[in-house]
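The values are calculated or read from the model by the stated rules, or taken from the named source; none is laboratory data. Note that the structure is a prediction, hence the values are computed from the model and not measured. Here the Cβ is made from the backbone with ideal geometry for all residues, glycine too, and neighbour counts use every protein chain on show. Quick note on the areas: whole protein, heavy atoms, side chains included, nothing else; ligands and nucleic acids left out. Shrake-Rupley method; radii C 1.70, N 1.55, O 1.52, S 1.80 Å.
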Amino acid sequence: MTTTQSTEVPTKAAIRPATGTAARVQNAVIKYGFIFVTVALFLYFALSEGSFRESATLLDTLRYVSVAAILGLGVTLTMAVGGMDMSVGAVAGLGVSVAAQTMVVFNQVGTVAILAVLVAGALAGLLNALLIVVLKIPDMLATLGTMFVIQGSKLILVDGQSITPGMTMSDGSTAPGRFTDGFLKIDRGTVLGIPISVLIFGGLTIAAWVFLARTRWGRVLYAIGANPEASRLAGIRVGAYRALAYVISGVLASVGGLILASRIGQGDVSAGTSQLLEAVAVALVGTSVLGRGRPNVWGTALGAVLIGIITTGLTIKGLPYYTQDVVEGTVLILALVFSFTLSKRRTA
């Protein structure tokens, strides 16, 4: 008995530290792995490509990702309540068409166009809320339906053609208006050398973080996403809060549409099409930041920055554009491994 105990006790003592070390390493990978990947990629491109280190390049990178990031914030809010808004790209594209229609066709000033776009975004969010909260259609299916309706509606709105200053309209007349200089500054203008679109991105990120992390409404949204039935039994108006999330998402998507319209300077009918996948990607990637495993604003912002780093870095290196999708998809899969596979093993 004495011999057996003397051989077993050291064995257990030797196993415990190893297990503890492995757990600490795994926790560190889950919590900081995604941040490490972002910093590592940034340093790689910065050290291997001189032009990547220039301030103009870095600001252009942030300007490029501002639209996807802002749309991603809307997706993050809807993920917080247990859903996902798949219509954000279409709503952004609708914003481009509405802005062009307002200024070019109806010859209105930029302020009127901005208000019209924001109202259009809010109405799109209300449509999603109606389908999801009132008609009880699953979130993803409802917003996919909204996406197709909006894509078709904006083509009807512009007779299936892009709106450009001086274009010939269906009745043979010439469009009387143009994109105003003030409106174009939304993406092309700067304040103290920083693009206005980047400032909008930063301001909305801070506002969304305060809303989700520092207010009762944000905590309620997370509670609904975690357990809607328990939230309902606690007296929370689940439907109202879910509707709020989708309306805010629609407004944020319309802000992205304003930036897109200012960037391209015309009512391109295909605008916003590619933004959906990027917005969903940055929101999903963001769930892995700091090992939270749930939607969070700073994670979404960092996910957008990572996508920008990859896109800019690969472009400077001269790689074909189609390789960027492969790399971005690989990063997304890696982030999801951090968020779900490793985190579940940690809690098992």
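Taking the inverse of the mean 1/r over every pair of distinct Cα atoms in segment 264-316 gives a Kirkwood hydrodynamic radius of 12.2 Å.
In the chain, helical runs assigned H by DSSP with n ≥ 4 each contribute -39500 (n - 2.57); averaged across all residues and rounded to the nearest 500, the mean residue ellipticity at 222 nm is -24000 deg cm²/dmol. Protein heavy-atom accessible surface, 1.4 Å probe, per residue over segment 146-293: 46 Å². Using 0.36 nm per residue and subtracting the Cα-Cα separation, the extra length available between Gln161 and Leu141 on full extension is 4.4 nm.
Given their separation in residues at 0.36 nm each and the Cα-Cα distance between them, Thr168 and Lys317 gain 49.5 nm when the chain is fully extended.
Note on segment 58-111: Cα-only Rg and Dmax are 14.5, 42 Å. Spacing of the modelled spin labels on Ile206 and Val109, each 7 Å from Cα toward Cβ, amounts to 2.8 nm. Segment 13-87 and segment 147-205 have Cα centres separated by 31 Å. If you take every residue apart from Val238 with its C-beta less than 9 Å away from the C-beta of Val238, what net charge results, scoring Lys and Arg +1 and Asp and Glu -1? Every neighbour counted, the sum reads +2. When a 1.4 Å probe is rolled over the protein heavy atoms, the share of accessible surface on segment 62-273 that falls to carbon and sulfur comes to 67 percent. Hydropathy first: keep DSSP H helices in the chain averaging at least 0.5 on Kyte-Doolittle, then drop any whose Cα extent along the axis falls short of 27 Å, and list what survives. Helices meeting the criterion: 2-48, 55-80, 110-129, 238-264, 297-316.
May I ask you to derive the FRET efficiency for Val327 and Arg53 from their Cβ-Cβ distance with R0 = 22 Å, giving the value to the nearest 0.05? The value I calculate is 0.60. Using only alpha carbons, segment 168-292 has a radius of gyration to Kirkwood radius ratio (Rg to Rh) of 1.09.
The slack in the chain from Phe148 to Val337, taken as 0.36 nm per residue of separation less the alpha-carbon distance, amounts to 64.9 nm. Just tell me the longest site-free run in the chain, where the sites are trypsin sites (Lys or Arg not before Pro) in a DSSP loop having at most 12 other beta-carbon atoms within 10 Å. Longest stretch, sites excluded: 137-316.
The count of lysine pairs in the chain that are at least 8 places apart or cross chains, and whose C-alpha atoms lie under 28 Å apart, stands at 4.
The Thr273 and Phe36 beta-carbon pair, evaluated with R₀ = 25 Å, returns a calculated FRET efficiency of approximately 0.15. Along its first, second and third principal axes, ordered by size, segment 62-273 spans 60, 42, 23 Å in Cα coordinates. The Val119 and Thr215 beta-carbon pair, evaluated with R₀ = 41 Å, returns a calculated FRET efficiency of approximately 0.95.
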